[in-house]
Structure formats: structure tokens, C-alpha cells
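Following: one structure in C-alpha cells, then a few remarks.
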Amino acid sequence: MDALPLAIAMLDRDGYVRWVNSAWRHFALTYGVQCDANTVVGQRYIDVFRSSSTIEGDHLSALAATLDDALSGRVRQLSVELECPGPEGQCWL
């Protein structure tokens with residue numbers, strides 16, 4: 001999965017990051033997520049974004065709510081679009 005162009009983070013059922021691919025690491029470096037693959041693994045995914053300025057306010061709340069719904073089993077499919085400003089222009093997650 002490391003060769004895939006999509007940014008992928010594997011989470012456990014409690015929302016902790018277990019693995020990220022190279023596209024995810026590139027996204028993190030480009031868009032200001034203050035972590036690297038060595039420090040993000042083992043953290044709660046939502047906390048990775050809370051500690052950065054990449055996603056804020058309502059967008060961060062939407063991400064947290066959607067992740068909670070998916071991790072709790074209330075929804076079977078996860079889908080959320082987030083606008084993310086950065087040096088290469090706007091990015092959508």
C-alpha cells in the first residue's frame with residue numbers, strides 16, 4: 001500500500017494510528033501536520049490534527065464526529081470532505 005498515490009492511514013478500532021503510507025507522510029509534511037511517521041504511529045488520529053493548524057474549527061469537529069461514528073460502528077462507511085490550505089494550494093481530504 002505504500003506505493004499507492006492516495007494518502008492512507010490505518011487506524012485501530014480505538015482511533016489510534018497503526019501505519020501511514022508515503023503519500024500520507026508527504027501530505028503531512030506539505031500541509032503542516034506537525035508529525036512524522038515515527039511520531040504519528042501510536043497517536044489518536046484526531047489528535048494528530050488537533051495539534052496542527054491544518055484543519056480548524058467546524059472542519060475539525062466534523063472530522064472528529066465522523067471518525068467517532070465510524071469507530072463506534074454507528075456508520076458502516078466513512079466519508080468526509082475537508083478543505084485544507086497549504087503551500088501547494090487548497091487540498092481536499
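The values are calculated or read from the model by the stated rules, or taken from the named source; none is laboratory data. All values reported here derive from a predicted model rather than from experimental measurement. Reconstructed Cβ throughout: ideal geometry from the backbone, glycine too, with neighbour counts over all protein chains shown. We work out accessible area using only protein heavy atoms, side chains counted, and drop any ligands, DNA or RNA first. Shrake-Rupley method; radii C 1.70, N 1.55, O 1.52, S 1.80 Å.
Here D14 meets each of (1) part of a loop (DSSP other than H, G, I, E, B); (2) at pLDDT below 85; (3) over 22 Å from P87 (Cα atoms) with one exception, condition (2). If you check every pair at least six apart or on different chains, which have Cβ atoms under 6 Å apart with a residue in the stretch 2-30 that is closer than 20 Å to D47 by Cβ first and a residue that is open to solvent by 60 Å² or more (accessible area, probe 1.4 Å) and aromatic (F, W, Y) second? What qualifies is M10/W19. In the condition set (1) at pLDDT 75 or above; (2) within 11 Å of the chain's Cα centre (by Cα); (3) open to solvent by less than 50 Å² (accessible area, probe 1.4 Å); (4) more than 18 Å from L6 (Cα to Cα), R44 is compliant with all but (3).
A Cβ distance below 9 Å, combined with a sequence gap of six or more or placement on separate chains, defines the contacts here; from the stretch 57-69, residues that are free of Cβ contacts under 8 Å to residues at least 40 places away in the same chain reach residues that are among the polar types (S, T, N, Q) and open to solvent by 30 Å² or more (accessible area, probe 1.4 Å) in the pairs T66/S79. Scan the stretch 72-93 for residues that are modelled with pLDDT of 80 or more and either touching a helix residue (DSSP H, G or I) at 6+ places or on another chain (Cβ under 9 Å) or more than 15 Å from L11 (Cβ to Cβ) (or both) and the total you get is 3.
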